Amino acid sequence: MVKKEVVSGEGVPKSALPFSPALIVNDLVFVSGQASVDENGKIVNDTFEGEVRRSFENARKILAAAGLDFSDVVQVRNYVANQEDLAAFNIIYKDYFQEPYPARTTLIGCLGTLLKFEVDLLAHAR
């Protein structure tokens with residue numbers, strides 16, 4: 001059986017939905033999809049930029065609880081609600097990731113109307 005450790009700690013957003021914020025499995029950390037939510041998991045509607053930054057800051061808190069940061073991320077999956085926000089997203093993305101950039105997938109038009117952005121990450125524990 002694979003040993004799984006749930007990441008938790010100060011500032012890690014909670015959710016009433018059935019998922020862990022992140023799981024540590026061996027030397028990998030799988031961060032669940034993070035959206036623009038407060039610490040209790042309540043959606044915070046904002047501008048596109050505001051929602052992207054809140055999503056990444058939530059991911060930052062989870063990574064920190066696992067003893068990691070964005071430099072440990074090896075894969076990023078991004079979900080952008082509207083195609084017209086893609087150029088802005090690419091600019092914001094560079095505030096969180098530098099070269100060599102993680103492997104990346106970006107899906108557009110897949111979120112419905114509830115969220116403008118969501119992200120999930122895979123990180124390698126040092």
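Things to note:
- Ligands, DNA and RNA left out, the accessible area of the chain computed with a 1.4 Å probe is 53% carbon and sulfur.
- Taking a Cβ cut-off of under 13 Å around THR106, the surrounding Lys, Arg, Asp and Glu residues balance to a net charge of -1, with basic ones at +1 and acidic ones at -1.
- Around ILE43: net Lys/Arg minus Asp/Glu count, Cβ-Cβ under 12 Å: -1
- Only helical runs count toward this figure. For the chain, summing -39,500 (n - 2.57) over DSSP H runs of n ≥ 4 and dividing by all residues gives -6500 deg cm²/dmol at 222 nm.
- Judged by the mean number of other Cβ atoms found within 10 Å, the most tightly packed of the peptides 49-59, 65-75 leads the ranking 49-59, 65-75.
- By average C-beta atoms within 10 angstrom, highest first, the peptides 78-86, 99-107: 78-86, 99-107
- Within segment 1-51, chymotrypsin sites (Phe, Trp or Tyr not before Pro) in DSSP loop having at most 10 other beta-carbon neighbours inside 10 Å: PHE19
- Size descriptors for the chain: radius of gyration and Dmax over Cα atoms are 13.9, 45 Å.
- Pair-distance profile P(r), taking every C-alpha pair of segment 85-126, with 5 angstrom steps and integer %: 5, 14, 29, 26, 14, 8, 3, 0
- Across LYS61/LYS94; LYS4/LYS94; LYS42/LYS116; LYS4/LYS116; LYS94/LYS116; LYS14/LYS94, pairs whose alpha-carbon gap is larger than 23 Å: LYS4/LYS94; LYS4/LYS116; LYS14/LYS94
The values are calculated or read from the model by the stated rules, or taken from the named source; none is laboratory data. Note that this is a predicted model, so its numbers are computed, not measured. Every residue, glycine as well, gets a Cβ built from its backbone with ideal geometry; the counts of neighbours run over all protein chains shown. Protein only, heavy atoms only, side chains kept; ligands, DNA and RNA dropped before computing areas. Shrake-Rupley method; radii C 1.70, N 1.55, O 1.52, S 1.80 Å.
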